[in-house]
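One structure below.
The values are calculated or read from the model by the stated rules, or taken from the named source; none is laboratory data. Predicted model, so just to flag it, every value in this text is computed and none were measured. With ideal geometry, Cβ positions are generated from the backbone for all residues, glycine too; neighbour counts draw on all protein chains shown. To get the accessible areas, we keep the full protein, side chains included, count just its heavy atoms, and leave off ligands, DNA and RNA. Shrake-Rupley method; radii C 1.70, N 1.55, O 1.52, S 1.80 Å.
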Amino acid sequence: MKKKTELIVALDVPAQKDAQVLVKTLSPAVKYFKIGMQLFTACGPSVVEMVHEHKRDVFLDLKFHDIPNTVAQAAASCLRLGVFMFNVHAIGGSVMLSALMRALDDESKVLKKKKPVVLGVTVLTSMDRQQLNKVGVIRSVKNEVVHLAKLCKGAGLDGVVCSGKEIKLLRRVMGEDFVLVVPGVRPKTAGLDDQKRIVTPLDAARWGADYIVVGRPIAAQADPLQSAKDILAEMEQAC
Ligand code: C5P
């Protein structure tokens, strides 16, 4: 049977009180929330604990990229914090990726805690071929995405964050068990905001995304709970 695609709501708000209102409002329908740089830098781990107090799970989107030891220590901190998923830049390289996976293994044995899902960020959707070339990458965006996804898999990561337009390719090349998390999702009725290469929730689900990440089409609506339910209902059509 086809895997169910789960909804993650991005808490792209400036303060903990705004995040708490959203989590409280959406909790009847939404299990997963994404905390990114803006909110985490403003509030720190207490905002993660707030989501956990509502018995909901956190995808910590801090995109770590540093020397292996530093990222390994940050990964161990993610495990201690109890987030269910976090991400790192694949471009940090296989030594960095392997080091953080080893640190997670060690820390999970010590604490007897389940390891979080670890995702690689391949090519940011804000980068095009010209920009990649300027930082010295001569492959096409597509080839670079596949190359980095394979690097992630080789180091034992669970999956990648990818654009909706990459789902089919990555599903084919990386197999069924590789976790694909897809931002830039817009229901047909929603505006694009600043997203350019969007997919609908139904297409993302049909093509095999494990999770979609949605921010403004839920959080910035008059009735966020209804908007979340509409997106979940749209994805159900793919089952
Ligand atoms: O409001 P919207 O649905 O566009 O929010 C999408 C979320 O996913 C934001 O938190 C954004 O930072 C994140 N994201 C993205 N594109 C990527 C990676 C992350 O939109 N390539």
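Looking at the stretch 160-198, which of the residues that are away from the ligand (no atom under 14 Å from the Cβ) and under 14 Å from the mean Cα position of the chain (by Cα) is most open to solvent (accessible area, probe 1.4 Å)?
Result: Val179.
Restricting attention to the stretch 116-126, and to residues there that are under 17 Å from His147 (Cα atoms) and open to solvent by less than 50 Å² (accessible area, probe 1.4 Å), which single residue is farthest from the ligand (Cβ to nearest atom)?
First, the residues of the stretch 116-126 that are under 17 Å from His147 (Cα atoms): 119-125.
Then drop every residue that is not open to solvent by less than 50 Å² (accessible area, probe 1.4 Å), which leaves 119-123.
On the way: Leu119: 11, Gly120: 12, Val121: 7, Thr122: 9, Val123: 9 Å.
Across the stretch 116-126, the extreme among qualifying residues is Gly120.
Out of curiosity, is Lys63 in contact with a His (Cβ under 7 Å, 6 or more places away or on another chain) and either within 16 Å of the ligand (Cβ to nearest atom) or farther than 30 Å from Gly208 by Cβ (or both)? Working first, answer last.
Values: in contact with a His (Cβ under 7 Å, 6 or more places away or on another chain): yes; either within 16 Å of the ligand (Cβ to nearest atom) or farther than 30 Å from Gly208 by Cβ (or both): yes.
Yes, satisfied.
Would you please name the residue that is most open to solvent (accessible area, probe 1.4 Å), looking only at residues in the stretch 32-59 that are within 15 Å of Lys17 (Cα to Cα) and assigned to a loop (DSSP other than H, G, I, E, B)?
By that ranking, first place goes to His54.
Any idea which residue in the stretch 65-77 is nearest to Asp12 (Cα to Cα), counting only those that are part of a helix (DSSP H, G or I) and either among the β-branched types (Val, Ile, Thr) or open to solvent by 80 Å² or more (accessible area, probe 1.4 Å) (or both)? Steps first, answer last, please.
Applying the first criterion (part of a helix (DSSP H, G or I)) to the stretch 65-77 yields 68-77.
Filter once more, so that each one left must be either among the β-branched types (Val, Ile, Thr) or open to solvent by 80 Å² or more (accessible area, probe 1.4 Å) (or both): 69-71, 73.
Numbers: Asn69: 29, Thr70: 26, Val71: 24, Gln73: 26 Å.
That would be Val71.
Residues in the stretch 71-87: is at least one touching a residue at least 40 places away in the same chain (Cβ under 8 Å), away from the ligand (no atom under 16 Å from the Cβ) and of a type outside the set (Asp, Glu)?
Among the residues of the stretch 71-87, at least one is touching a residue at least 40 places away in the same chain (Cβ under 8 Å), away from the ligand (no atom under 16 Å from the Cβ) and of a type outside the set (Asp, Glu), which makes the answer yes.
So which of Leu22, Leu7, Leu62 ends up being assigned to a strand (DSSP E or B) and either in contact (Cβ under 8 Å) with a residue 40 or more places away in the chain or more than 19 Å from the chain's Cα centre (by Cα) (or both)? Let's see the steps before the verdict.
Values: Leu22 fails: assigned to a strand (DSSP E or B); Leu62 fails: either in contact (Cβ under 8 Å) with a residue 40 or more places away in the chain or more than 19 Å from the chain's Cα centre (by Cα) (or both).
The unique qualifying residue is Leu7.
List the helices (runs of 4 or more DSSP H) inside the stretch 162-239, counting only whole elements, that have at least 3 residues being in contact (Cβ under 8 Å) with a residue 40 or more places away in the chain and touching a helix residue (DSSP H, G or I) at 6+ places or on another chain (Cβ under 8 Å). Can you show your working first?
Numbers: elements: 167-174, 201-207, 216-219, 224-236.
Counting at least 3 such residues, we get 201-207, 224-236.
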